[in-house]
Amino acid sequence: MNGLETTWGGIVIAVGNQKGGVGKTTTAVHVACGLANRGHRTLLWDLDPSAGATKHLGLTPDAYPGTLELLLGDINVDEACISHTNHDIDMPDRLSIIPSKRRLERIDSTLGSRCRFFNPLDVLAHPIATLRQSFDIIVLDTPPSTVLSPSLATYASADWFLLAAMPDPLAITGLADAARDIEAVRDSANRKLQLLGVVLNAVDNRTRLCRELTTYVDECFASPTGDTLRLTPTISRSTVVPTAQKLGRSVIDAFPRHPVAEQFLAIAIAIEDRLILAQRALGDAISEASLAGGLR
């Protein structure tokens, strides 16, 4: 497992931004594919009614039951998870996906009609508790805020939040809004939620705006040690991403020698390294607490 221990259950990483069109789904797909490539049993859960992650990996949204049916209780998690081992599809090894579809837009009204007292924060709790037993890493492609239940539930259920953005002033504003939401959630619904990092997509370092916004992100998202929470490298602007989408594959699998594929793999390794450091810090804290308890 490349030093990443997940014996107590899968790690849940939500990927998002408060603004659309910033490479959120592209980031989620390639982080999931990259981590699967690194040897981790990885699940990509498409929670967005636009079904971008589902289509990116070559699945027709209405071809399989998935997120909608799972959240409504019509199928179980085993039936929802799609991979090359249980379906005749071209998917990377160690990668599964729970697909989405447009009808997920109506999930709030449907759940409300079934139970007036349902809690939107708890919508993902039971499925994720079950999925943690089967996967090392679960990547959530978050829905827009208009789909209230899954959107709120991602914050309540995730261990880590990975922010995605492009070098655009509005996208950077969305990052700041999302960071504030994470802090608000930590104070209430999910005290364990942590910011994993920031991924910058479609970067052209030849432009002054890109350089200025990259510097701004570094300044705004400094880690407690003084380093930046921006994950490196940045992802270059390239037509290879939509080309891979048309093929129904990630850049990592369709064009493994392309610089963008190498960049996404480097991001996966950087995420892995941060998770390992966090686990070591947690282990040290537990050891110190146990030692302190024994000395009393």
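Considering the chain as a Gaussian network with a 10 Å cut-off on Cα pairs, which listed residue, ASN201, ASN17, ASN76, attains the greatest mean-square fluctuation?
Evaluated over the chain, the most mobile residue of the options is ASN76.
Straight-line reach from LYS19: which lysines fall under 21 Å, measuring Cα to Cα and dropping same-chain residues less than 8 apart?
Of all the lysines, those that pass the test against LYS19 - Cα under 21 Å, at least 8 places apart if same chain - are LYS55, LYS101.
Calculate the dipole size of segment 147-296 relative to its Cα centre from +1 charges on Lys and Arg beta carbons and -1 charges on Asp and Glu beta carbons; express the result in debye to the nearest 20. Spell out each step's value before the answer.
Details: 15 positive and 17 negative charges, 59 e Å.
In total the dipole reaches around 280 debye.
Once you keep just the Cα pairs under 8 angstrom separated by 6 or more residues, what percentage relative contact order results for the chain? It would help to have the intermediate numbers written out before the result.
Numbers: 536 pairs, mean separation 71.8, N = 296.
Relative contact order of the chain: 24 percent.
Could you work out [θ]222 nm for the chain from helices alone, using -39500 (n - 2.57) per DSSP H run of at least four and dividing by all its residues? Round to the nearest 500 deg cm²/dmol.
Details: 12 runs with 133 residues, N = 296.
After summing the helix terms and dividing by the residues of the chain, the value is -13500 deg cm²/dmol.
Is there a quick way to get the dipole size of segment 20-107? I mean about its Cα centre, with the Cβ of Lys and Arg at +1 and of Asp and Glu at -1; what is the value in debye to the nearest 20?
It works out to roughly 340 debye.
Going through the DSSP H helices of the chain, which span 30 Å or more along their own axis at the Cα atoms while scoring at least 0.0 as a mean Kyte-Doolittle hydropathy? Numbers along the way, then the final one.
On the way: long enough: 259-295 (54 Å, 0.83).
Membrane-span-like by this rule: 259-295.
Would you work out which of MET91, VAL185, TYR216 lies farthest towards the positive end of the dipole of the chain? Charges go on Cβ: Lys and Arg +1, Asp and Glu -1.
It is TYR216.
Enumerate the amide H contacts of VAL139 below 5 Å, restricted to partners 5 or more residues apart or on another chain; note that Pro and chain-start residues carry no placed amide H.
ILE13, LEU43, LEU44, TRP45
Please report, in debye to the nearest 20, how large the charge dipole of the chain is about its Cα centre when each Lys and Arg carries +1 at its beta carbon and each Asp and Glu carries -1 there.
Details: 28 positive and 33 negative charges, 69 e Å.
Using Cβ point charges on Lys, Arg, Asp and Glu, the chain gives about 340 debye.
Return the FRET efficiency for the residue pair ASP218, ILE75: r is the Cβ-Cβ distance, R0 is 51 Å, and the value is rounded to the nearest 0.05.
Working: r = 44 Å, r/R0 = 0.86.
It comes out at approximately 0.70.
LYS192: which aspartates and glutamates have alpha carbons under 12 Å from its alpha carbon, excluding same-chain residues fewer than 8 sequence positions away?
Of all the aspartates and glutamates, those that pass the test against LYS192 - Cα under 12 Å, at least 8 places apart if same chain - are ASP159, GLU183.
Read the figures in this text as sums done on the coordinates, not as results from a lab. As the structure is a prediction and not an experimental result, all values here were calculated from the model. A quick note on method: Cβ atoms are made from the backbone with ideal geometry, for glycine too, and the neighbour counts reach across all protein chains shown.
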